[in-house]
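Since the structure comes first, as structure tokens, the remarks are kept for the end.
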Amino acid sequence: MTLREATIQPFVEFSFMRRALLGCLFVALGCAPIGVFLLLRRMSLMGDAMSHAILPGVAVGFLLAGMSVPMLSLGGLVAGLAVALAAGMTTRTTILREDASLAAFYLISLAVGVILVSLKGNNVDLLHVLFGTVLALDDSALLLLGGIAAMTPPMLMFIRRPLVIECFDPTFLRAVSGCGPWVHMVFLALVVLNLVGGFQALGTLMAVGLMMLPAATARLWARTLGGMIGVSLLIAFAASYFGLLLSYHATLPSGPAIVLTAGVLLLLSIFLAPHRGMLSRHWLRSHLEG
Amino acid sequence: MTTDRAAALSLHDLTLGYERHPAVHHVSGHFATGSLTAVVGPNGAGKSTLLKGIMGFLRPLAGHVEWHNATPRQAAYLPQQAELERDFPMTVAEVVALGLWRILGIWRPLTTTLHQRVQEALSIVGLAGLARREIGSLSGGQFQRMLFARVILQDAPVILLDEPFTAIDHRTTEDLLAVLERLHQEGRTVLAVLHDFELVRRHFPETLLIARETVAWGSTAETLTPAALERAQALQEAWNEQAHVCGRTLPRTQARP
């Protein structure tokens, strides 16, 4: 097998592979920069929580209309936003902190979702929702992913300044402007929207992988926010491309293959990244001691 | 006391607290426009709580804060350093430029003129040449200088600083005190929570001594007396953390008119 046959031929030969790649690139375009802001806000686990939180909405959509992309997406969006709102209100009005209230509501949401799926569906349906079907993306799913991908970067650019201040110095933002809660809600809505889009391709659980793993990798390589976003996009694109190839050649489920590829890139970075990687820090320590 | 000057901020029977337990009790008085006031008191006396209450971050349990000729949004508030993300991927210039929020808002870009103002503010605090430095590589003193540069750019009529010289070396403290005096001379009203009484005596004409309630408030020489400090300590030690809001409507101790 030549290099071309291994890396390009599958996409030339099969339209489902081309559609899968396009879908994954769309998911990466929105998820990667969002992951960077989640990481910088120390909310890395929030994506995971929200991915569980959208499940009951997806399940309701499934119960009402079967495997209908618009209904599943709408249901997921409503459930995700409801959990985000409920957690946000609980945080602002009680002693519970954001992590505690989010954990509480996503667990309730997840339990409701699993029960709803079990009422009508079977394990195969649940696996479909959890792990996605990137190799069977239809036009409506691609359209949805493309729309979310086209909307997310401009929205993030628009709220970039207050979002950055909220991450770095939330008290300052609160002192100079009342836009903090609105910016927070727009950001949460983008998180939910991208997870809902991501579940079409990668499943609710795997979409978080393409959100957080490239962001964590980017933190090891880049020194500026712009640099982090750039690196995270590159990593997410590379993980999508090589993950799909891995899935194709080794006959592995595509979502986990993509996330695993992103995971391998993170592990390599943990060791090799200049200045912040393990080897670099070890060398620096030895050098200073010597 | 500077009662001949107009008030920048008035506190009316202000009681602040958390979960219905008061942390600052029935404080009344005013900060004159252009005054430079140290807020001092024992640990846990409610100094930071008072600043948060003035900024509107805490809803008063009783009483209210009155802002004259300004709003809390126009004030510059510098909390304790521990509340900031020290390793955030930003440069010094980017953090200082945040002080231009009132001009830039959410989306307006930084013009060459405004960039020049950032550079000038950095020069004033002694950080010229470090504009492109990552904030994660700054020392504690440099970090505080950077935050003072941000305060300068905020061009605020009222400035509230919460323990601005804690864990900072003598040289940096002296330099930042000079910046503070410059801001004071420009006619701004400055309040700073401080612990070092000697520093207060040397640089702050007025002092508010609190221990959950006003112990003394006026010129520093008249406020920081041994008797007042002893009373502050006694009040703090006798405080009941679980006490509910009391029914008093007037302060027991000295209050500014």
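The values are calculated or read from the model by the stated rules, or taken from the named source; none is laboratory data. Predicted model only: the values in this text are computed from it and were never measured. We place every Cβ from the backbone using ideal geometry, glycine too, and count neighbours over all the protein chains shown. Accessible surface areas use protein heavy atoms only, side chains included; no ligands, DNA or RNA. Shrake-Rupley method; radii C 1.70, N 1.55, O 1.52, S 1.80 Å.
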Item to check | the protein assembly as shown, accessible surface, carbon-and-sulfur percent (1.4 angstrom probe) | outcome: 63
Checklist outcome for this item: Buried by partner chains in segment A:159-185 (accessible area down by at least 30 Å² vs chain alone, 1.4 Å probe, heavy atoms, protein only) are A:Arg161, A:Val164, A:Ile165, A:Phe168, A:Asp169, A:Thr171, A:Phe172, A:Arg174, A:Ala175, A:Val176
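If you put +1 on each Lys and Arg Cβ and -1 on each Asp and Glu Cβ, how big is the dipole of the protein assembly as shown around its Cα centre, in Debye rounded to 20?
On the way: 40 positive and 37 negative charges, 102 e Å.
About 480 debye.
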Item to check | Å² of accessible area per residue within segment B:80-155, as computed with a 1.4 Å probe and no ligands counted | outcome: 44
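Which whole number in µm²/s is D for segment A:1-42 by Stokes-Einstein, with the Kirkwood Rh taken over Cα pairs at 20 °C and 1.002 mPa s? Each step should come with its number before you reach the end.
On the way: Rh = 12.2 Å.
Estimated via Stokes-Einstein, D reaches 176 µm²/s.
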Item to check | Cα centroid separation - segment A:130-162 against segment B:112-173, whole Å | outcome: 40
Next on the checklist: If I model a spin label as a point 7 Å beyond the Cα along the Cα-Cβ vector, how far apart are those points for B:Phe57 and B:Arg108 in nm?
Outcome noted: 2.7
Checklist entry - How many nm separate the modelled label positions at A:Arg18 and B:His115, each set 7 Å beyond the Cα in the direction of the Cβ? => result 4.4
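Given N residues in segment A:3-289, what is its alpha carbon radius of gyration divided by 2.2 N^0.38 Å? If you can, show how the numbers build up before the last one.
Values: Rg = 19.4 Å, N = 287, 2.2 N^0.38 = 18.9 Å.
Scaled against compact globular proteins, the figure is 1.03.
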Item to check | Those residues of segment A:196-235 for which accessible area with every protein chain present is at least 40 Å² below the isolated value (1.4 Å probe) | outcome: A:Arg219, A:Arg223
Item to check | Calculated FRET value between A:Met1 and B:His195, using beta carbons and R₀ = 56 Å, to 0.05 | outcome: 0.20
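What relative contact order, as a whole-number percentage, does chain A give when Cα pairs under 8 Å and 6 or more residues apart are counted? Before the final figure, lay out each step's value.
Values: 439 pairs, mean separation 74.8, N = 290.
RCO, chain A: 26 percent.
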Checklist entry - Calculated FRET efficiency, B:Glu222 and A:Arg92, Cβ-Cβ r, R0 56 Å, to nearest 0.05? => result 0.85
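Relative contact order for segment B:80-155: what is it in percent, counting Cα pairs under 8 Å that are at least 6 residues apart? Walk me through the numbers on the way to the answer.
Values: 78 pairs, mean separation 37.9, N = 76.
That works out to 50 percent.
Rounded to the nearest 5, what % of the DSSP beta bridges within the protein assembly as shown are antiparallel ones?
Working: 19 of 36 bridges.
Among the beta bridges of the protein assembly as shown, antiparallel pairing accounts for roughly 55 percent.
For the protein assembly as shown, what is the convex hull (Cα atoms) projected area averaged across all directions, in square nanometres?
Values: hull surface 124.1 nm².
Result: a mean projected hull area of 31.0 nm².
I'd like to check one number: the per residue accessible area of segment A:3-289, probe 1.4 Å, reported in Å² as a whole number.
On a per-residue basis, segment A:3-289 sits at 44 Å².
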Checklist entry - Want the number for A:Thr224 to A:Ile108: 0.36 nm per residue separation, take away the alpha-carbon distance, what's left? => result 38.0 nm
Next on the checklist: Give me Rg/Rg_expected for chain B, where Rg uses Cα atoms only and Rg_expected = 2.2 N^0.38 Å with N residues.
Outcome noted: 1.03
Checklist entry - Among the residues of segment B:99-138, which ones have their accessible area go down by 40 Å² or more when all the protein chains sit together, as opposed to their chain alone (1.4 Å probe)? => result B:Trp101, B:Ile106, B:Glu134
Item to check | Whole-Hz couplings from phi, Karplus 6.51/-1.76/1.60, listed for segment B:144-160; x for Gly and Pro | outcome: 5, 4, 4, 5, 5, 4, 5, 4, 4, 5, 5, 6, 8, x, 10, 10, 10
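Can you tell me what percent of all Cα-Cα pairs in segment A:216-290 are more than 21 Å apart? Could the numbers behind the result be given before it?
Values: 1063 of 2775 pairs.
Above the 21 Å cut-off, segment A:216-290 has 38 percent of its Cα pairs.
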Next on the checklist: Interface size between chain A and chain B, please: total buried accessible area, 1.4 Å probe, rounded to the nearest 100 Å².
Outcome noted: 2600
Checklist outcome for this item: One finds, for B:His21 and A:Asp99 with R0 = 41 angstrom and r their Cβ-Cβ distance, a FRET efficiency to the nearest 0.05 of 0.95
Checklist entry - To the nearest Å, what is the center-to-center distance of segment A:31-91 and segment B:27-66, using C-alpha atoms only? => result 41
